[in-house]
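In what follows, a structure is listed as structure tokens, so that the remarks can point back to it.
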Amino acid sequence: MVDTVGGWTALVEAAYPASDAATWDNVGLQVGDPTWPVERVLVALDVTSAVLDEAAENSHTLIVAHHPLLFRPLSRLTPSTASGKLALNAASRRIAVTAAHTNLDVAADGAGTSVPIGDVLELTERRPLVVAAPRTAGRVKLVTFVPNEALEAVIDALADAGAGRIGDYERCSFRVVGTGTFTPAGDAHPYTGAVGQANEVAEYRLEMEVPRCDVAHVLIALEEAHPYEEAAYDLVPLVDVTPRGIGLVGSLPTPTPLGDIAEQLRLRLPAPHLRFCGDPSRLMSTVACVGGAGDSHIDDAINAGADVYITGDLRHHVTLDAQEMELSLIDAGHHATEVAAMPAFADRLVHWRSLQGLAAPVIVSRIPTVPWR
């Protein structure tokens with residue numbers, strides 16, 4: 001089966017739901033036709049002309065970008081704007097572009113954009129800086145009731161349709177024996193029991209998790225495999241309570257001077273344009289960080305008890321205010337604080353690829369998109 005743009009955008013949505021994105025954000029498919037074939041997936045922080053040239057080196061490439069190519073509605077699609085020029089360039093070369101932006105920032109799967117900063121500093125006791133509300137999970141629980149002699153056949157059919165896959169495990173289910181009651185009426189043709197009489201039958205209550213995107217296929221499989229004339233079932237929404245949110249707060253292994261922290265980030269992130277605000281000899285214990293442009297979260301860092309806050313794109317006046325509040329700052333740059341997360345993002349897409357039955361290789365763009373020299 002040939003991978004398609006639609007199949008891959010569905011994969012990204014399953015891994016990083018658009019409902020997790022900020023209300024001002026624009027994520028998902030931005031350029032391309034869902035029916036286009038995909039032979040390669042290119043993960044990139046930004047979409048630039050150089051990245052499009054890289055994508056064009058192989059036919060049928062889908063770019064999965066962190067920063068959306070199209071942020072705001074376009075009044076016209078012409079090369080008179082940067083986004084219009086790039087979108088036309090991509091479309092004319094049949095390069096599809098989709099984006100996972102703030103929905104990736106809040107990811108709890110180790111691919112969130114703030115994770116590399118925490119890894120470089122070996123932060124412990126990590127927690128989100130701004131905790132996101134629990135969300136409806138991308139899965140539901142199917143509950144149905146099956147006679148013993150049909151149980152294994154029903155499980156097989158549901159599993160083949162996509163139910164019962166949890167992580168690296170397949171055909172996962174829970175079953176418990178109970179008693180079903182029913183009274184067939186009218187023109188019913190019961191599998192067991194008599195019309196017009198109250199009947200009891202030993203049944204298994206069967207539970208299996210189902211990805212929301214597979215619910216329709218699973219229900220068809222249930223109807224075909226279940227021996228009853230009317231198969232009873234419930235679909236129970238699940239809630240994802242995994243801690244997630246914007247940024248990270250954590251503790252350093254040992255109190256460390258601000259200057260030493262800045263040097264670690266400069267060398268290991270790497271962050272060649274790093275600057276910091278505060279006494280370089282002052283010892284830091286608690287670190288807050290947000291990948292990208294994070295000066296809107298300075299108050300959150302103060303409220304979290306951070307000694308130092310690491311992010312990018314810090315403005316003059318908010319920096320002065322933080323200094324008055326005795327919060328040290330490290331501006332490691334927008335690019336450096338996010339691009340380090342792209343390899344982990346690609347790895348997670350590879351993991352989800354196997355779950356979604358897709359096959360296109362996933363690579364990380366080799367094009368640097370930092371504009372500063």
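The values are calculated or read from the model by the stated rules, or taken from the named source; none is laboratory data. Everything quoted here is computed from the prediction, not taken from an experiment. Don't worry about glycine lacking a Cβ; one is built from the backbone with ideal geometry, like all the others, and counts go over all protein chains shown. For the accessible areas, the whole protein counts, side chains as well, though only heavy atoms, and no ligand, DNA or RNA atoms are used. Shrake-Rupley method; radii C 1.70, N 1.55, O 1.52, S 1.80 Å.
Among the residues of segment 7-18, are any more than 27 Å from THR242 (Cβ to Cβ), in contact with a Gly (Cβ under 6 Å, 6 or more places away or on another chain) and not polar (S, T, N, Q)?
As a first pass, look at segment 7-18 and keep what is more than 27 Å from THR242 (Cβ to Cβ): none.
For segment 7-18, residues more than 27 Å from THR242 (Cβ to Cβ), in contact with a Gly (Cβ under 6 Å, 6 or more places away or on another chain) and not polar (S, T, N, Q): absent.
In segment 352-365, the residues that are farther than 16 Å from GLY167 by Cβ form Cβ pairs under 8 Å with partners that are open to solvent by 50 Å² or more (accessible area, probe 1.4 Å) and among the basic types (Lys, Arg), at six or more places apart or across chains, as follows: ALA359/ARG353; ALA360/ARG353; VAL362/ARG353. LEU349 satisfies every condition listed in (1) buried (at least 18 other Cβ atoms within 10 Å of the Cβ); (2) among the aliphatic types (A, V, I, L, M); (3) touching a helix residue (DSSP H, G or I) at 6+ places or on another chain (Cβ under 6 Å) except (3).
Would you kindly identify the strands (runs of 3 or more DSSP E) lying entirely within segment 297-373 that contain at least 3 residues that are more than 27 Å from ASP3 (Cβ to Cβ) and in contact with a strand residue (DSSP E or B) (Cβ under 9 Å, 6 or more places away or on another chain)? Working first, answer last.
Working: elements: 308-312, 328-331, 362-364.
Of the strands (runs of 3 or more DSSP E) lying wholly inside segment 297-373, those with at least 3 residues that are more than 27 Å from ASP3 (Cβ to Cβ) and in contact with a strand residue (DSSP E or B) (Cβ under 9 Å, 6 or more places away or on another chain) span 308-312, 328-331.
Can you tell me which residue among THR48, THR61 is open to solvent by less than 50 Å² (accessible area, probe 1.4 Å), under 23 Å from PHE345 (Cα atoms), touching a helix residue (DSSP H, G or I) at 6+ places or on another chain (Cβ under 6 Å) and at pLDDT 95 or above? Step through it out loud before you land on a result.
Working: THR48 fails: touching a helix residue (DSSP H, G or I) at 6+ places or on another chain (Cβ under 6 Å).
Sole residue among the options that is open to solvent by less than 50 Å² (accessible area, probe 1.4 Å), under 23 Å from PHE345 (Cα atoms), touching a helix residue (DSSP H, G or I) at 6+ places or on another chain (Cβ under 6 Å) and at pLDDT 95 or above: THR61.
Here's the yes/no breakdown for (1) loosely packed, with under 15 Cβ neighbours inside 10 Å; (2) part of a loop (DSSP other than H, G, I, E, B):
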residue	(1), (2)
GLU209	no, no
GLU224	yes, no
PRO253	yes, no
ALA262	no, no
PRO280	yes, yes
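Might you let me know whether segment 190-206 holds any residue that is surrounded by 13 or more Cβ atoms within 10 Å (Cβ to Cβ) and among the charged types (D, E, K, R)? Yes: one or more hits.
Cβ-Cβ contacts under 7 Å between residues 6 or more apart (or on different chains), taken from a first residue in segment 1-20 that is in a helix (DSSP H, G or I) to a second residue that is among the β-branched types (Val, Ile, Thr) and crowded, with 20+ Cβ neighbours inside 10 Å, are listed as VAL5/VAL38; TRP8/VAL38; TRP8/VAL41; THR9/THR98; VAL12/VAL64; VAL12/THR98; ALA18/VAL27; ASP20/VAL106.
Look through ALA111, ALA137, ALA163 and report the one residue that is within 20 Å of the chain's Cα centre (by Cα), touching a residue at least 24 places away in the same chain (Cβ under 8 Å) and not in a strand (DSSP E or B). Steps first, please.
Working: ALA137 fails: not in a strand (DSSP E or B); ALA163 fails: within 20 Å of the chain's Cα centre (by Cα).
One residue alone meets the criteria, ALA111.
Just to verify a result, which residue in segment 264-278, among those that are outside any helix (DSSP H, G or I) and within 28 Å of the chain's Cα centre (by Cα), is modelled with the lowest pLDDT? Walk me through it before giving the result.
Let us first name the residues in segment 264-278 that are outside any helix (DSSP H, G or I), namely 269-278.
Among the residues that remain, those that are also within 28 Å of the chain's Cα centre (by Cα) are: 269-271.
Working: LEU269: 93, PRO270: 90, ALA271: 93.
The extreme case among them is PRO270.
Within the group ILE330, ILE298, which residue is crowded, with 21+ Cβ neighbours inside 10 Å, within 18 Å of GLY250 (Cα to Cα), of a type in the set (A, V, I, L, M, F, W, C) and in contact (Cβ under 8 Å) with a residue 60 or more places away in the chain? Even if it seems obvious, please write down each step before you answer.
Numbers: ILE298 fails: in contact (Cβ under 8 Å) with a residue 60 or more places away in the chain.
When all the criteria are applied, what remains is ILE330.
Tell me whether segment 114-126 contains one or more residues that are polar (S, T, N, Q), assigned to a strand (DSSP E or B), open to solvent by 50 Å² or more (accessible area, probe 1.4 Å) and within 30 Å of VAL308 (Cα to Cα). The answer is yes, given that some residue of segment 114-126 is polar (S, T, N, Q), assigned to a strand (DSSP E or B), open to solvent by 50 Å² or more (accessible area, probe 1.4 Å) and within 30 Å of VAL308 (Cα to Cα).
For segment 28-41, the criterion of being more than 17 Å from ALA107 (Cβ to Cβ), without any contact (Cβ under 8 Å) to a residue 40 or more places away in the chain, in contact with a Lys or Arg (Cβ under 8 Å, 6 or more places away or on another chain) and crowded, with 17+ Cβ neighbours inside 10 Å is met by none of the residues.
Residues that are under 17 Å from the mean Cα position of the chain (by Cα) number at least 3 in the following helices (runs of 4 or more DSSP H) confined to segment 23-107: 102-105.
Apart from one condition, GLU152 fits all of (1) farther than 30 Å from GLU263 by Cβ; (2) of a type outside the set (S, T, N, Q); (3) part of a loop (DSSP other than H, G, I, E, B); (4) open to solvent by 80 Å² or more (accessible area, probe 1.4 Å); the exception is (3).
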